[in-house]
Each structure stands twice: as structure tokens, then as C-alpha cells.
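Asks: Could you have a look at this structure, given as C-alpha cells, before my questions?
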Amino acid sequence: MAMFTGSATAMCTPFTDDGVNFGTYEKLIEFQIQNGTDALVVTGTTGEPSTMSDAELFELWGCARNAISKRVPLIIGTGSNNTRHAVELAERAAKAGADALLVVTPYYNKCTTAGLVAHYKAVGEVGLPIIVYNVPVRTGFKLDEKQLCALCEVPMVRGVKEASGDIALMTRMVAACSDRIEFFSGEDGIVTPSLTLGFVGVISVASNILPRQMHELVARFLQDDAAGSLKIQLELQELIGLLFCEVNPIPAKTALGLMGYDMGPFRLPLCDMTEENKNKLQNRMQKMGII
């Protein structure tokens with residue numbers, strides 16, 4: 001049984017000059033839930049956890065839990081390249097009320113398949129379902145279908161967020177493992193093609209801006225309306241491209257700012273969007289009636 005089906009939003013984190021803007025975060029959560037998002041992912045890559053202290057993470061998770069109030073699943077990103085730290089974060093996420101964990105493959109100090117399995121086994125002992133996050137452009141480690149099969153032997157590994165963008169690899173993964181885990185797209189630009197392979201949803205950046213449309217894109221497909229799903233995918237494609245024209249989440253946070261949310265300053269090494277790209281993003285959002 002899937003942890004969720006549909007579109008889960010990889011939430012952006014609004015900052016202040018010296019912390020997290022919890023008031024804005026609560027507003028963003030309410031916007032998401034009122035517009036049909038199927039689950040919320042807190043402190044995934046888009047939430048910038050690598051620039052946050054553990055204390056900030058824990059407080060944000062508590063804020064998310066209280067604001068969501070069990071209306072949709074809460075998935076907490078707890079990945080680390082330090083297995084001990086990943087376990088500690090998973091334990092705190094469990095206490096914070098997470099329904100599942102999003103755990104990125106170890107980065108920088110990359111590992112063998114045996115090390116990879118041991119890493120996820122250690123996190124799995126916390127007892128929460130795990131979605132493995134394959135995002136080689138960030139980690140320098142590209143999970144293959146044989147390694148994914150090995151991870152399927154870890155009892156708490158229940159899904160994979162596949163963000164390699166490699167359709168051939170995705171096809172091999174589904175062929176090898178679809179009877180054991182659920183597949184979620186991590187690439188907004190190819191959600192409908194992913195669904196044709198048997199994926200059950202997306203963990204989306206674009207749904208920060210378009211929760212209703214991303215929900216509908218998946219729902220249409222799962223209701224046997226592939227043509228309707230593809231129509232939405234194509235209609236959103238230009239905006240999706242602009243949301244990734246600079247390093248994520250710079251454009252997404254800029255877009256939320258244009259929508260009136262106080263996202264605060266960027267934390268270095270992220271910085272303001274160029275005026276040229278910001279103008280393109282703003283013009284597209286105006287044409288789509290978002291702002």
C-alpha cells in the first residue's frame with residue numbers, strides 16, 4: 001500500500017534574518033492543504049536543511065506537525081552522509097510525528113552497495129517507512145536497479161523518489177522492483193511519462209506554486225485519463241522550466257515571494273535570482289493568472 005498517491009509538495013522553508021519564519025510556514029501549509037496537495041515533505045532538498053541547525057530542524061518539524069494536524073501525510077527529510085547523524089535525525093522525526101522519512105543516498109563520502117544497505121538498515125531500525133531518494137545531480141551517486149533491489153531487502157524501505165531523469169534507468173528499476181516498493185517521480189518535467197511506467201505520484205517542487213494542478217495531473221492519470229494528465233503536463237512545462245532555470249529552490253522561493261508570501265532572505269550559498277530570470281518567471285506567472 002502506497003504511503004501516498006498523487007502529488008506531495010517538497011516544501012520551501014521561509015527564513016528571517018536570524019531564523020525560520022514559522023508564521024509564513026504555517027500559511028504555506030494551509031495554502032497547500034486547501035488546494036488539494038496529497039502529502040507534504042518537510043526539509044527535503046527544497047527545504048534547505050543543509051543550511052539549518054538541528055535545533056531549527058526540530059522546531060520546524062514540530063511546527064509542520066501542528067499545522068498539518070494529520071490532514072495529510074507528513075514526510076520528513078532526514079538524510080545525511082553520516083549514518084549516525086541520519087539515525088539521530090530519524091529518531092527525532094519519529095518523535096515529531098512523521099508518517100515516513102525521505103532519506104537521500106549518502107553523498108560526498110560515497111559507499112559500496114554493502115555500505116548503502118547498512119546505512120538504510122540503520123535508519124530503518126527507527127521503525128518508520130523510508131522513501132529512498134535518488135538524486136545523482138546532488139549526491140554524485142547514481143543508484144542503479146541492482147542496488148535498489150538490494151535496498152528492497154531492508155524491511156522499512158517502502159519507496160523511492162527517482163530524480164535521475166534517466167527514463168531507461170527508471171524503466172529497469174520498475175521492471176526489477178515494482179512488486180516490492182512504490183515509485184515517486186522527483187522530476188516535475190516528466191511526471192506523466194513516469195506514471196506510464198507505474199509510478200504512483202510525484203514529490204514536487206512546482207506544487208509549491210501549483211498544488212492543485214500537480215494534484216490533478218497525477219489524479220487524472222490514476223483515473224485512466226492519460227490524455228488529461230498529459231495536457232496538464234504540457235501546459236505547465238514552461239513554468240516548470242523556469243522553476244529550474246537557477247538552482248532549486250531559488251526560483252520556487254522567488255515565485256512564492258511574488259505570490260505575496262514573506263520568504264525572507266536566502267541563506268548562502270543560495271542567493272537572489274537574477275533580474276532577467278526573475279522577470280521571465282514573473283511574466284509567465286502573470287500569463288497563467290497565478291499573480
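The values are calculated or read from the model by the stated rules, or taken from the named source; none is laboratory data. As the structure is a computational prediction, the values presented were derived from the model and not from experiment. Every residue, glycine among them, receives a Cβ derived from its backbone with ideal geometry; neighbour counts consider all protein chains shown.
Asks: I need the full set of residues from the stretch 179-230 which are under 24 Å from ILE291 (Cα atoms) and either aromatic (Phe, Trp, Tyr) or touching a Cys at 6+ places or on another chain (Cβ under 8 Å) (or both), in order please.
Replies: If the condition is that a residue be under 24 Å from ILE291 (Cα atoms) and either aromatic (Phe, Trp, Tyr) or touching a Cys at 6+ places or on another chain (Cβ under 8 Å) (or both), then ASN208 is the only one that fits.
Asks: So how many residues does the stretch 1-33 have that are within 22 Å of GLY260 (Cβ to Cβ), outside any helix (DSSP H, G or I) and of a type in the set (A, V, I, L, M, F, W, C)?
Replies: 5
Asks: Which pairs have Cβ atoms under 6 Å, sit 6 or more apart or on different chains, and link a residue in the stretch 199-222 that is closer than 20 Å to ILE181 by Cα and of a type outside the set (D, E, K, R) to one that is in a helix (DSSP H, G or I) and modelled with pLDDT of 95 or more?
Replies: GLY201/VAL218; VAL202/VAL191; SER204/ASP188; SER204/MET214; PHE221/LEU195; PHE221/SER229
Asks: Suppose we filter LEU74, LEU89 for residues that are out of contact with any Lys or Arg (no Cβ under 9 Å at 6 or more places or on another chain) and either crowded, with 23+ Cβ neighbours inside 10 Å or under 20 Å from ASN248 (Cα atoms) (or both); which single one remains? Even if it seems obvious, please write down each step before you answer.
Replies: Numbers: LEU74 fails: out of contact with any Lys or Arg (no Cβ under 9 Å at 6 or more places or on another chain).
After ruling out the rest, the residue left standing is LEU89.
Asks: Restricting to the stretch 43-88, name every residue that is within 17 Å of LEU101 (Cβ to Cβ) and hydroxyl-bearing (Ser, Thr, Tyr).
Replies: Result: THR43, THR45, THR46, SER50, THR78, SER80, THR83.
Asks: Just one of SER207, SER178 is under 30 Å from LEU281 (Cα atoms) and among the hydroxyl-bearing types (Ser, Thr, Tyr); which is it?
Replies: Answer to the check: SER207.
Asks: Is it true that THR192 is within 19 Å of the chain's Cα centre (by Cα), within 22 Å of THR171 (Cα to Cα) and surrounded by fewer than 24 Cβ atoms within 10 Å (Cβ to Cβ)?
Replies: yes
Asks: Is it the case, given these coordinates, that LYS121 is touching a residue at least 12 places away in the same chain (Cβ under 8 Å), over 24 Å from GLY19 (Cα atoms), outside any loop (DSSP other than H, G, I, E, B) and charged (D, E, K, R)?
Replies: Criteria met by LYS121.
Asks: Any idea which of GLY257, GLY241 is free of Cβ contacts under 8 Å to residues at least 40 places away in the same chain and small (Gly, Ala, Ser)?
Replies: On the way: GLY241 fails: free of Cβ contacts under 8 Å to residues at least 40 places away in the same chain.
Checking each option against the conditions leaves just GLY257.
Asks: Determine, yes or no, whether GLU238 is among the acidic types (Asp, Glu), under 21 Å from the mean Cα position of the chain (by Cα) and part of a helix (DSSP H, G or I).
Replies: So GLU238 passes the test.
Asks: Output the residues belonging to the stretch 249-264 that are of a type outside the set (D, E, K, R), more than 12 Å from LEU239 (Cα to Cα) and surrounded by 13 or more Cβ atoms within 10 Å (Cβ to Cβ).
Replies: Hits for the stretch 249-264 are PRO249, ILE250, THR254, LEU256, GLY257, LEU258, MET259, TYR261, MET263, GLY264.
Asks: Pairs needed: first member in the stretch 265-288, in a loop (DSSP other than H, G, I, E, B); second member anywhere, among the aromatic types (Phe, Trp, Tyr); C-beta distance under 8 Å; at least 6 residues apart or different chains.
Replies: If the second residue must be among the aromatic types (Phe, Trp, Tyr), the pairs left are PRO265/PHE15; PHE266/PHE15; ARG267/PHE15; ASP272/PHE266.
Asks: Quick one: count up the residues across the stretch 195-235 that are among the aliphatic types (A, V, I, L, M), surrounded by fewer than 22 Cβ atoms within 10 Å (Cβ to Cβ) and under 17 Å from the mean Cα position of the chain (by Cα).
Replies: Of the residues in that region, 1 qualify.
Asks: If you check GLU153 against the conditions, is it over 13 Å from the mean Cα position of the chain (by Cα) and in contact (Cβ under 8 Å) with a residue 40 or more places away in the chain?
Replies: On the way: over 13 Å from the mean Cα position of the chain (by Cα): yes; in contact (Cβ under 8 Å) with a residue 40 or more places away in the chain: no.
For GLU153, the condition - over 13 Å from the mean Cα position of the chain (by Cα) and in contact (Cβ under 8 Å) with a residue 40 or more places away in the chain - is not met.
Asks: Where in the stretch 131-232 are the helices (runs of 4 or more DSSP H), entirely inside, with at least 3 residues that are of a type in the set (Ser, Thr, Tyr) and modelled with pLDDT of 95 or more?
Replies: In the stretch 131-232, 191-196 are the helices (runs of 4 or more DSSP H) which contain 3 or more residues that are of a type in the set (Ser, Thr, Tyr) and modelled with pLDDT of 95 or more.
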